[in-house]
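Report on the structure given below.
Computed from the coordinates by the stated procedures, all read-outs in this text should not be read as laboratory data. Here the structure is a predicted model, which means the values were calculated and not measured. For neighbour counting, all protein chains shown are included, and Cβ atoms are generated from backbone atoms with ideal geometry for every residue, glycine included.
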Amino acid sequence: MRRHGYHPNALIEVLHTVQESFGFLDEDSLRFVAAALSVPLSRVYGVATFYHFFNLKPQGKHSCVVCMGTACYIKGSGSIVERIEKEYGIKPGETTPDNQFSLLSARCLGSCGLAPAAVLDGDVAGKLEPEQVIERIREWTK
């Protein structure tokens with residue numbers, strides 16, 4: 001915050017730094033950022049929940065972010081999420097009990113030409129089938 005002069009317009013950069021430091025954004029961190037930048041807590045929370053990059057809970061060692069945008073949903077991203085839910089017993093926003101894997105969803109990844117798309121441990125993958133995603137997750141959770 002000091003680097004950005006405690007300017008309210010630095011909110012996203014500050015949240016990135018907090019998450020890099022602690023791994024996620026907890027309520028205390030959000031309150032601290034709001035007070036330090038003189039920004040309403042509702043605005044800080046709104047930014048933290050709007051962008052899929054930010055996490056409000058500790059994340060697993062590996063992550064899968066499934067795009068739920070219109071193009072991806074029409075092409076089958078819903079069935080990818082359903083398959084993961086069935087296989088691992090978690091819903092978007094949750095982490096497996098062993099903290100190995102987190103399932104997340106995004107409003108849009110901006111990769112509509114690759115629909116259905118997902119970000120698997122930071123790598124964008126497209127034209128996915130549910131079983132392809134499950135195979136990748138199995139590699140992580142061996």
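Details
- Quick note on the range 62-140: its Rg to Rh ratio, both from C-alpha atoms and Rh being the Kirkwood radius, is 0.93.
- Placing +1 on the Cβ of every Lys and Arg and -1 on the Cβ of every Asp and Glu, with no other charges, gives the chain a dipole of roughly 300 debye about its Cα centre.
- Cα-projected label distance for Glu27 with Glu139, points at 7 Å along beta-carbon direction, nm: 3.9 nm
- For the chain, lysine pairs separated by 8 or more sequence positions, or belonging to different chains, with Cα-Cα distances below 26 Å total 15.
- Projected area, mean over directions - the chain, Cα convex hull, nm²: 8.9 nm²
- Label zone at His16, where the point sits 7 Å out along the Cα-to-Cβ direction: the range 30-65 residues whose backbone N lies under 17 Å: 47-55
- The range 1-75 - percent relative contact order, Cα under 8 Å, separation 6 or more: 29 percent
- Net charge of neighbours whose Cβ lies under 14 Å from the Cβ of Leu37, counting Lys and Arg as +1 and Asp and Glu as -1: +3
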